[in-house]
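Please treat every number below as a calculation from the coordinates, not as lab data. Everything numeric in this text was worked out from a predicted model, so none of it was measured.
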Amino acid sequence: MNNPGLRTITMEIKESFEASVAKSKELTQRPSNDELLKLYALYKQATEGDNNGERPGGFDFKGAAKHDAWDKLKGKSSEECMTEYIAFVDELHDKN
């Protein structure tokens, strides 16, 4: 049995998330590396779910950092990550 109220909330969150993704590209000040990693990880967890890829090795420090940031969110729901992403983009916009 479907819950139409739940579906509506999900659609509202998804639409707000997509608007925040666009809004994140309009930041006038470049976020710090830690902030960029947080945005990346929240986006990946929200859109793809748990990170199941292998951790990059060697001298791919950027790839390893991105992998680790995303991996820390393992088990979080898409909706939870979308909500956090939206709030974080708003916070970044307030700083600009």
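Mean residue ellipticity at 222 nm from the helices of the chain, using -39,500 (n - 2.57) per DSSP H segment of n ≥ 4 over the full residue count, to the nearest 500 deg cm²/dmol? Please report the intermediate quantities before stating the final value.
Details: 4 runs with 66 residues, N = 96.
Only helices count here, giving -23000 deg cm²/dmol.
Run down the aspartates and glutamates and flag those whose C-alpha is under 20 Å from the C-alpha of Lys95, throwing out any fewer than 8 positions away in its chain.
Filter leaves Glu26, Asp34, Glu35, Glu84.
Pull out a ≥ b ≥ c, the square roots of the eigenvalues of the alpha-carbon gyration tensor of the chain, then state rounded if a/c is under 1.5, prolate if not and a/b is larger than b/c, and oblate in the remaining case.
Working: a/c = 3.09, a/b = 1.27, b/c = 2.43.
Cα axes put the chain in the oblate bin.
Under a cut-off of 21 Å between alpha-carbon atoms, report the lysines in cross-link reach of Lys76, not counting same-chain residues fewer than 8 places apart.
Within reach: Lys14, Lys38, Lys44, Lys66.
Percent relative contact order of the range 4-95, based on C-alpha pairs within less than 8 angstrom and at least six residues apart? If you can, show how the numbers build up before the last one.
Values: 82 pairs, mean separation 37.4, N = 92.
Relative contact order comes out at 41 percent.
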